[in-house]
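Note sheet for the following structure.
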Amino acid sequence: MVPKNLRYSKSHEWAKLEGEVCTIGITKFAVDQLTDVVFVELPDVGDHVFAGDSFGEIESVKAVSDLYSPINGEVTAINQDLIRDPAGIAADPFGKGWLIQVKPEPGSNLNAMMSPDQYQKQIDSEAH
Amino acid sequence: MGQRTPLYDRHVSLGARVVDFAGWEMPVQYTSIVEEHNTVRTSMGLFDISHMGRLSFAGPDSLALIQKVWTNNAATLKDGQVRYGLVCNDQGGIRDDVLVYKWPYGYAMVVNAGNREKIVAWLNESIGNLNVQVIDQSADTAMLAVQGPKAIAACKDLTGVDPASLGYYFAAPTRYEDQPCVLSRTGYTGEDGVEVIVGKNQGQELWDDLVARGAKPCGLGARDTLRLEAAMPLYGHELGEEIDPFQAGLGWSVKLDKGPFRGRDALLRRKEDKAMRQRVGLELSGKRIAREGSALKKNGETVGVVCSGTFSPTLQKTIAMAYADPAATAVGTTLTVDVRGKDESATIVALPFYKRAK
C-alpha cells in the first residue's frame with residue numbers, strides 16, 4: 001500500500017521528483033485517518049513553498065491538518081479537481097489525488113525524506 | 001489505558017477507530033462519520049453509550065435528593081416519564097446535564113461519562129439528613145441507542161414492550177431475553193429512537209441482535225455531528241461550570257418556583273443578568289470549519305467564541321455553535337469567525353439547524 005517509487009515525510013506527505021517537476025500529495029494512510037474530507041486549501045500557482053513549512057490545509061469532518069512541503073520551490077500547478085471535489089482524494093491519493101506540483105530550487109532534492117520501507121515502519125507503529 | 005465498555009471487543013472486531021473519550025476507549029467511527037450520520041438520518045444507527053453513568057436511588061427521600069440538586073421538577077414526573085434537566089453548582093454554573101427517570105418504585109438518573117464521579121460525589125455530599133442511597137450501576141450494565149426513522153419498528157418485539165406504545169421521553173422497565181432491562185424512547189441525535197439498558201453480560205448479545213435487525217454501528221463522531229445539527233448541547237463544549245442554563249438556552253429546564261435547590265439563589269440573579277453571552281447558531285459561508293475556541297468578531301471586536309463546529313452532512317453547510325455577546329445574537333447578524341488566523345464570514349441563524357419532519 002506504500003508505492004515504491006515515492007519518498008515520504010513524517011507528516012504523511014509523499015513526493016516524486018521527475019526532472020524539473022516535483023509532485024506532492026498525501027498518503028493513503030493519512031487520507032484513511034482523516035476520512036470525510038470536506039475541504040482542501042492549496043496555494044496559488046506562482047507561490048513559493050519552503051521545505052518544512054505549511055503550504056495549505058486539509059479539513060475533514062473530524063479535524064484539520066496542515067500540509068507540509070518537503071522541498072523549496074515555486075508552485076507550477078495545483079490539482080483543481082480536488083478544489084471542486086475534496087472528498088475525491090480518497091479514491092486515489094497516490095495518483096489523481098495529488099495536491100500540487102512544484103519547480104524545485106536548483107540543487108534541491110528529496111534525500112531528507114523517508115524511503116518507502118522507512119515510511120511503512122512509521123505507519124505500522126502509528127496504527128497501534 | 002482507558003476504561004472499556006462491555007462492547008469494546010465488538011468495536012475492535014468491527015474495525016472501529018478507537019479514541020479516548022472522557023477516559024473511555026470508545027469507537028469514533030467504523031466506516032465514515034458522514035456515512036454513519038446519513039444512516040441515522042435516513043434509516044437507523046446503533047451506538048454504544050455504555051460509557052454514560054447510570055445511577056439509581058434507593059430510600060424514601062430519593063425524590064427529595066433529586067429535587068435538591070436538579071433544576072427541573074421531578075415531583076411532576078409521571079410513572080415512566082423521562083425528563084431533561086441540569087445539576088448546577090452553587091454559583092448557578094452547570095455541573096452536568098442529566099436525564100431523570102421516574103419508576104413506580106423509584107428514580108434513576110443518566111449522567112455524562114466524564115461527569116459521573118463528580119456527580120456521584122455531589123449527590124452524596126448533598127444528602128445531609130436525607131434517607132437515600134445513590135447506587136452507581138454503570139459498571140454492571142450496558143446501554144445502547146438505536147436511532148433513526150426505522151428504529152421504532154425494528155425494536156417492536158426486541159423487548160417485552162413495543163416502543164411505539166411509549167410516548168417520546170417515556171421509558172418502561174421490561175425484559176430482554178428473560179432478563180430485566182429498561183427501554184426508553186430517548187436519544188441524542190435529533191431522530192426518533194430508543195435507548196436500551198441491559199445487564200453488562202447481555203451487551204454483546206443485544207448489540208448483535210440490533211445489527212441483525214438492520215441497525216448500522218455508528219461511532220461518537222457521527223453522534224457529535226448528529227447532536228450538533230439538532231443543536232443539543234454537549235458538556236465540555238456548550239456546557240460547563242462557568243456557564244448558566246439561561247446563557248445556554250436551557251432556561252426551560254430550570255423551575256425556579258419548584259422550591260429550593262442547589263444553585264437556585266444564584267440562578268434567580270443570573271436570570272436577570274442581560275449582559276451574559278448567549279448560545280447561538282452560526283452558518284459559515286466558506287468550507288473551513290470553525291472549531292472550538294475560534295473567536296467571533298464584529299467590526300474588529302471580539303464578540304464571542306465558538307464551542308462546537310462541523311460540516312453538516314444533512315444540510316451540506318458549515319455550521320457552529322458559539323457563545324456571543326447579547327448585541328450579536330439576533331438572527332441574521334453577520335460577523336466573522338477567526339478560523340486559524342483567517343477571517344471567515346458567518347451569519348447568526350436560528351437553532352436547531354436541523355429538525356426532523358414529524
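The values are calculated or read from the model by the stated rules, or taken from the named source; none is laboratory data. Predicted model, so just to flag it, every value in this text is computed and none were measured. Neighbour counts are summed over all protein chains in view; Cβ atoms, including those assigned to glycine, are modelled from backbone coordinates with ideal geometry. Please note that ligands, DNA and RNA were not included when accessible areas were found on the heavy atoms of the full protein model with its side chains. Shrake-Rupley method; radii C 1.70, N 1.55, O 1.52, S 1.80 Å.
About the Cα centre of the stretch B:15-174, what is the dipole size in debye to 20, counting +1 per Lys and Arg Cβ and -1 per Asp and Glu Cβ, all else neutral?
Computed about the Cα centre, the dipole is about 380 debye.
What is the extension gain from B:Lys271 to B:Lys258, computed as 0.36 nm multiplied by their sequence separation minus the C-alpha to C-alpha distance, in nm to one decimal?
Contour length minus the Cα-Cα distance gives 3.1 nm.
Could you check the spin-label model distance between B:Lys287 and B:Thr302? Points 7 Å from the Cα along Cα→Cβ, value in nm.
Each label point lies 7 Å from its Cα, and together they span 3.0 nm.
Just tell me how shielded B:310-319 is by partners: mean number of partner chain Cβ atoms within 10 Å of each residue's Cβ, no decimals.
If you average over the peptide's residues, the count of other-chain Cβ atoms is 2.
Beta carbons within 10 angstrom, averaged per residue: use that to sort the peptides B:142-153, B:95-106, highest first.
B:142-153, B:95-106
Once you place label points 7 Å from the Cα toward the Cβ at B:Glu117 and B:Asn129, how far apart are they in nm?
3.3
With a 1.4 Å probe and all protein chains kept in place, how much accessible area does B:Ser345 have, in Å² rounded to the nearest 10?
60
Suppose R0 equals 51 Å. What FRET efficiency, 1/(1 + (r/R0)^6) with r the Cβ-Cβ distance, do B:Lys317 and A:Lys121 give to the nearest 0.05?
So, using R0 = 51 Å, E works out to roughly 0.80.
Would you please give the FRET efficiency between B:Lys78 and A:Ile83, computed as 1/(1 + (r/R0)^6) with r the Cβ-Cβ distance and R0 = 35 Å, to the nearest 0.05?
Efficiency for this residue pair is about 0.05.
Name the lysines eligible as straight-distance cross-link partners of A:Lys28: C-alpha to C-alpha under 22 Å, and not fewer than 8 places from it in the same chain.
A:Lys4, A:Lys10, A:Lys16, A:Lys62, A:Lys96, A:Lys121
Computed FRET efficiency, Cβ-Cβ of B:Ala139 and B:Asp162, R0 25 Å: what is it to the nearest 0.05?
With a Förster radius of 25 Å, E is 0.25.
Based on the mean of other beta carbon atoms within 10 Å per residue, what is the order of B:216-225, B:267-276, A:15-24, most packed first?
Result, highest mean Cβ count within 10 Å first: B:216-225, A:15-24, B:267-276.
Inside 10 Å of the C-beta atoms of B:287-294, what's the mean count of C-beta atoms belonging to other chains?
Mean shielding count: 3.
When the solvent-accessible surface of protein heavy atoms is calculated with a 1.4 angstrom probe, in what order do B:Val40, B:Val331, B:Val19 fall, highest first?
B:Val331, B:Val19, B:Val40
Could you run the Karplus curve 6.51 cos²θ - 1.76 cosθ + 1.60 with θ = phi - 60° over the stretch B:83-93 and give me ³J(HN,Hα) per residue in whole Hz, x for Gly and Pro?
These are the phi-based 3J(HN,Hα) values: 9, 8, x, 10, 9, 10, 7, 6, 8, x, x Hz.
If amide hydrogens are placed 1.01 Å from N in the peptide plane, which non-local residues have theirs closer than 5 Å to the one on B:Arg262?
Answer set, sorted by chain and number: B:Val69, B:Trp70.
Determine, for each peptide in A:111-123, A:28-40, the mean count of other beta carbons within 10 angstrom over its residues, then list the peptides with the highest first.
Ranked from most to least packed, the peptides come out as A:28-40, A:111-123.
Whole-Hz Karplus ³J(HN,Hα) for the stretch A:43-60, in order, using 6.51 cos²θ - 1.76 cosθ + 1.60 and θ = phi - 60°, x for Gly and Pro?
So the Karplus estimates, Gly and Pro as x, are x, 8, 4, x, 5, 9, 10, 10, 4, x, 9, 6, 10, x, 8, 10, 10, 10 Hz.
In terms of modelled amide H atoms, which long-range or inter-chain residues lie less than 5 Å from the amide H of B:Val339?
Here the answer is B:Glu344, since their amide H atoms fall under 5 Å of that of B:Val339.
How long are the three semi-axes of the equivalent ellipsoid for chain B, computed from the Cα gyration tensor as the root of 5 times each eigenvalue, in whole Å, largest first?
Semi-axes, largest first: 32, 27, 17 Å.
Post the alpha-carbon centroid distance, the stretch B:267-317 to the stretch A:33-110, in whole angstrom.
30
Tell me, what is the Rg over Rh of the protein assembly as shown, with Rh the Kirkwood radius over Cα pairs?
Answer for the protein assembly as shown: 1.02.
Quick check: net charge around B:Leu239, other residues with Cβ under 11 Å of its Cβ, Lys/Arg +1 and Asp/Glu -1?
Neighbourhood net charge equals -4.
Can you give the net charge of the other residues whose Cβ lies under 12 Å from the Cβ of A:Pro116, counting K and R as +1 and D and E as -1?
Here the charged neighbours net out to +3.
How much accessible surface area, in Å² rounded to 10, belongs to the heavy atoms of A:His12 with a 1.4 Å probe?
30
Using a 1.4 Å probe and ignoring any ligands, DNA or RNA, find the accessible area of B:Arg227 and quote it in Å² to the nearest 10.
B:Arg227 has an accessible surface of roughly 0 Å² with all protein chains in place.
Enumerate the lysines that B:Lys200 could reach by cross-link, defined here as Cα to Cα under 26 Å, with residues fewer than 8 away along the same chain left out.
Counting by Cα, and skipping residues close in sequence, B:Lys200 has these lysines nearby: B:Lys102, B:Lys118, B:Lys150, B:Lys156, B:Lys216.
Given charges of +1 on the Cβ of Lys and Arg and -1 on the Cβ of Asp and Glu, with all other atoms neutral, how large is the dipole of chain B about its Cα centre, in debye to the nearest 20?
Dipole size: approximately 820 debye.
Could you tally the net charge around B:Gln91, taking each other residue with its Cβ under 9 Å from the Cβ of B:Gln91, Lys/Arg +1 and Asp/Glu -1?
-3
Using a simple charge model, +1 on the beta-carbon of Lys and Arg, -1 on the beta-carbon of Asp and Glu, nothing else, what dipole does the protein assembly as shown show about its Cα centre, in debye to the nearest 20?
1340
If you take the C-alpha gyration tensor of chain A, multiply each eigenvalue by 5 and take the square root, what semi-axes do you get, largest first, in whole Å?
The answer is 21, 19, 12 Å, longest axis first.
Among the aspartates and glutamates, which have Cα under 17 Å from the Cα of B:Lys297 when same-chain residues fewer than 8 positions away are ignored?
The qualifying aspartates and glutamates are B:Glu283, B:Asp325, B:Asp338, B:Asp343, B:Glu344.
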